[in-house]
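> Here it is, the structure in full.
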Amino acid sequence: MSNRISTVGYQTDALTQMQNLEAALAKTQNQLSTGKQLLSAADNPGAMAQVNQLNMQLSASQQYTTNGNAATSNLTLEAQALTDATNVLQSARDLAVQANNSALSATQRQDIAVQLQQQLQELISIGNRTNSNGDYLFSGFASGTIPFAQVGNSVAYSGAPQTNQMQISLNQRISTGDTGDTVFMNLPAGNGTFITSAGAANTGGGSIDPGKVTNIAAWVPDTYTISFTGPTTYQVTDSLGNLVTGGSYASGSAIAFNGIQVTVSGNPSAGDQFTVQPAGQASVFSTLQSLVTTLNAPNLSAGQITTQLGGALSQIDGALNNLNDTQASVGARLNTVSAVMTAAQNQQTNMQTSISKLSDVDYAAAVTQLSTEQLGLQAAQQSYASLAKLSLFNYLS
């Protein structure tokens, strides 16, 4: 029994074969024109799934890099602001030291007060700096709110108490700034543990230094009064009037009690008093304003001026230390962001390489395949054209 192929069957098979060859050729041409070998999920479902997953991971990593760039910009601006604030505050400290000279006249102290007032305004301006988007650097997450405003002799903070957090990697967030209350406002007054002051009614020339802690375990927070019962004798009482200690006085000698030590200098009069009390909080702005007020006061004694200037210098030193600590924190965060971004960029390069291997066309192989497919199609077309001309009439003479 012989197999017979009908003319219609032959033509159908031939046309189907040529259509398949044309489709394959068109696909290869499309791959060459786009540079991609994965044009749809049907081309390689497994590879396409991997590419989609890698693209999602790449997009997330690129967003983290964008966040890292924004964080770096903000932290760099903050670092500069902190440097400028430090310079202003150091200059104010130098002026306070200059003013703490008994040889200066009231007019000379007032001239220094004018300079300090200008530096106060400059410090407020630094605290109200913005980034390129107009967001305030020290307002926390209330970045659209002006953080500092002066009303009379007081400066108030209106920003948020929390900072903005930026996601810089899958499992890592970082503060892109610091709030104004932690940088400029809520700072320990005095030496950080207690503050000293001279009585407003003092008539002698004695002054008291900011003091220091010698044994924090022995410190009992309370308001203590150092009263001079005579030019060379004193007694210390607590807030209830209980006697804590007493003794003979010599200018520049230490008075120690309850784990602290203070030094009274000069010539206090009988009845003069000095106070030691727990430190509260003060801002850099109030510290500078208190300096201005002290230097403009017409009726303060030399001892009172020396005491108040000494206390202000101690607070300025504390503020400078706080600025330095904040600067170090900003630097550490910048280093962290840099390291994370470097790792992310390396990861992105690896992912892009993997995506390329899975989806990009091999041009040399594709060109060879295109040539083969073109030859195959041409041969099929020529064969079909030749056979299609044959019929029984070709064999009749």
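> Each residue of the range 143-150 in order: what ³J(HN,Hα) in whole Hz does its phi give by Karplus 6.51 cos²θ - 1.76 cosθ + 1.60, θ = phi - 60°, with x for Gly and Pro?
5, x, 9, 4, x, 10, 9, 9
> Relative contact order for the range 94-222: what percent, with Cα pairs under 8 Å and sequence separation of 6 or more?
On the way: 133 pairs, mean separation 17.2, N = 129.
Rounded, it is 13 percent for the range 94-222.
> Over 17 Å, how big is the tail of the calculated P(r) for the range 200-279, in percent of all Cα pairs?
40 percent
> Let me ask another. Using per-residue counts of other Cβ atoms within 10 Å, averaged over each peptide, order 256-267, 281-292, 90-101 from highest down.
Sorting 256-267, 281-292, 90-101 by mean packing, highest first, produces 281-292, 256-267, 90-101.
> Taking the mean number of other Cβ atoms within 10 Å as a proxy for protection, how do you rank 179-191, 107-119 from highest to lowest?
Sorting 179-191, 107-119 by mean packing, highest first, produces 179-191, 107-119.
Here, each number is a calculation from the coordinates, and none is a lab measurement. Quick caveat, the model's predicted, so the values are computed rather than measured. Methodologically, a virtual Cβ is constructed for each residue, glycine included, from the backbone with ideal geometry; neighbour enumeration extends over all protein chains shown.
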